[in-house]
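What follows draws every value from the coordinates through simple rules; no lab data is involved. Note that the structure is a prediction, hence the values are computed from the model and not measured. Positions of Cβ are generated from backbone atoms using ideal geometry, with glycine treated the same way; all protein chains shown enter the neighbour counts.
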Amino acid sequence: MAFNFSDAWKSGNHIVDSAISLLPNLILAIIIFVILLIVASAIKRFVRHAAERHQRRQSLGILFGQIAQTTIVIVGFLIAFSVVAPSFHASDLIKMLGIGSVAIGFAFQNTCKTFWPASCCFMSRSASAT
């Protein structure tokens with residue numbers, strides 16, 4: 001019984017060629033993501049210092065800084081992913097969620113119910129530690 005490996009060899013060769021052709025896009029995506037990580041940490045630092053400058057609570061500055069950093073990192077990941085896979089769009093991700101977005105919406109609603117009152121408590125507290 002003789003085995004013909006020519007089809008497997010062609011398929012493997014095609015996979016390797018495809019991977020090599022994606023390397024420039026992958027390197028560019030990594031560079032973009034690293035730049036946006038640096039920007040996110042700088043914005044986080046800026047928000048913290050702005051909160052301290054205006055004599056706001058330090059915990060509030062940390063909270064808003066973390067929110068800004070997380071948002072920029074998520075957007076950066078989506079941008080980097082769209083560089084690697086040009087056919088990917090953020091709207092495709094939203095479409096894929098489908099009915100799952102309803103469950104995410106209910107979970108987010110519950111999170112917001114506790115997040116915003118806690119933020120308001122941080123804002124209304126005095127700056128002195130007791």
query = Which of the lysines could a cross-linker span from Lys44 if the Cα-Cα distance has to be under 29 Å and same-chain partners fewer than 8 positions apart are dropped?
reply = Lys113
inquiry  = Need one number: convex hull volume per residue for the stretch 10-124, Cα atoms only, in Å³.
reply    = 121 Å³
ask   = Could the peptides 105-115, 29-39, 81-91 be put in order, highest first, of the mean number of other beta-carbon atoms found within 10 Å of their residues?
value = 29-39, 81-91, 105-115
ask   = How far is it, in nm, from the label point at Ile62 to the one at Ile30 when both lie 7 Å from their Cα along the line to the Cβ?
value = 3.3 nm
key: ³J(HN,Hα) computed for each position of the stretch 33-42 - Karplus, 6.51 cos²θ - 1.76 cosθ + 1.60, integer Hz, glycine/proline x   = 5, 5, 4, 5, 5, 5, 4, 5, 5, 5
ask   = Say each of Thr114 and Ile79 gets a label point 7 Å from the Cα, pointing the same way as Cα to Cβ; how far apart are those two points in nm?
value = 3.3 nm
P(r) of the stretch 33-85 over all Cα-Cα pairs, binned every 10 Å from zero, in whole percent = 29, 41, 21, 8, 1
